[in-house]
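Here's the structure we're looking at; comments come further down.
The values are calculated or read from the model by the stated rules, or taken from the named source; none is laboratory data. Keep in mind the model is a prediction, meaning the values are calculated, not measured. Cβ sites come from the backbone with ideal geometry, for glycine too, and all protein chains shown count toward neighbours. Just the protein is used for accessible areas: all its heavy atoms, side chains included, with ligands, DNA and RNA removed. Shrake-Rupley method; radii C 1.70, N 1.55, O 1.52, S 1.80 Å.
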Amino acid sequence: MQVIEVTFEDIRRMRVRGAGRIARAAVRALEEYGLGLDVGKEEFFKKMKEAGEYLKNARPTAVSLPNAVNYVLVNLEREGQNVSQMSVLKEVLKKYCEGFLKRSELAMEKIGSIGSKRIQSGDVILTHCNSEAAMSVILAAHMQKKDIKVFCTETRPRRQGLLTSSRLAKLGVDVTLIVDSAARYFMNKVDSVVIGADAISVNGAVVNKIGTSMLALAAKEARSRFMVAAESYKISPKTFVGELIPIEERPKEEVVSKEWASRNPAVKVANPAFDITPPEYVDLIVTEYGVFPPQGILVLFKEVYGLSEILNQ
Ligand code: RI2
């Protein structure tokens, strides 16, 4: 169980972050764990299920994590049922883990090529946090030699905007780092806000890093386009049956130091990691299957999960 526990802690403590990366880390851990198990078939299924359930609890909001784990476990159980040899069962596990990882990589490429078609030469882009999918769109536009300028918000409290701006600059993109509260000041110059997603609900609402919904408000006012780049496994099937996506509350030490907190015991500190942007503020959602308006995400929902699976959630 060691690889599962280590991966759980890496995800929980955000040593591995980004909704896509945590999904892939969980799948890699399941693969390594399963291939190393020396037990009979029944025990194998039981242990894999336990490990998957455990990993799913590492962070509550990014639905890519349970979706990835379920993809592996559901397929393993379905195809593995008629398999008697453990070596063959492990091959089945490997096939679905590697399949997910490949699909995830491919999705990123496709999102870049599809999303970058919506970026014109001369565009000014604003991005928030450190999203692989959003970066894929921006970098594809840059590789196509489109002349773009990018504003990166700092993204308090963990300042992932520093990672994004540093990477973009290293790859030759014209990039400016701004504090989060400067977003409206610059928004009139921005053609497109390009962000990622931790989860997308059935009504097209987008859950992403805290501050995203304020950017969406400012973008709507300034008539800037609001583009969400997300793999299809960011869609939350549970929202189809009315469940809400939980918003992770992170430790207050991410916002203030322990010393400051102990000197100011009467100050409560709230640190929600994500917020929800309603579909009215989203212009398009770019996935590996194509571009969808938020109101049309239901079509992709059915394509990806199938109606019967959704109804069994
Ligand atoms: P990709 C991140 O969450 C950010 O909110 C980012 O926008 C989102 O995941 C999607 O990222 P966190 O793990 O999957 O930093 O596109 O809390 O990389």
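Rolling a 1.4 Å probe over the protein chains gives L284 an accessible area of about 10 Å². Taking the C-alpha atoms only, the angle from helix 19-36 to the longest principal axis of the chain is near 20 degrees. For segment 85-166, the convex hull spanned by the alpha carbon atoms encloses 107 Å³ per residue. The share of Cα pairs per 10 Å bin across segment 95-242, counted from zero up to the longest distance, runs 12, 41, 36, 10, 1 percent.
Structural size metrics of the chain, computed from C-alpha coordinates, are Rg and Dmax of 20.3, 64 Å. If I fit a long axis through the Cα atoms of helix 132-143 and take the longest principal axis of the Cα atoms of the chain, what angle between them do I get, 0 to 90°, rounded to 10? Rounded to the nearest ten degrees, it is 60.
Dividing the summed -39500 (n - 2.57) terms of all DSSP H runs of n ≥ 4 by the residue count of the chain sets its mean residue ellipticity at 222 nm at -15000 deg cm²/dmol.
About its Cα centre, segment 117-311 has a charge dipole of approximately 520 debye under the convention of +1 per Lys or Arg Cβ and -1 per Asp or Glu Cβ, with nothing else charged. Element breakdown for the chain at a 1.4 angstrom probe: carbon and sulfur atoms account for 52% of the accessible area. Residues in segment 2-110 average 49 Å² of solvent-accessible surface per residue, probe 1.4 Å, ligands and nucleic acids excluded. Compared with the dominant Cα axis of the chain, that is its longest principal axis, helix 64-80 is turned about 20°. The Cα atoms of segment 20-92 cover 37, 20, 17 Å along the three principal axes, with the biggest extent listed first.
Put Y185, Y54, Y289, Y96 in order of accessible area, highest first, and with a 1.4 Å probe you get Y185, Y289, Y54, Y96.
Under Stokes-Einstein, with the Kirkwood radius over Cα pairs as Rh, the value for segment 128-205 at 4 °C and 1.567 mPa s is 99 µm²/s. Legend: Rg and Dmax of segment 50-116, from Cα coordinates, 14.4, 47 Å.
The smallest convex shape that holds all Cα atoms of segment 1-137, its convex hull, gives 100 Å³ per residue.
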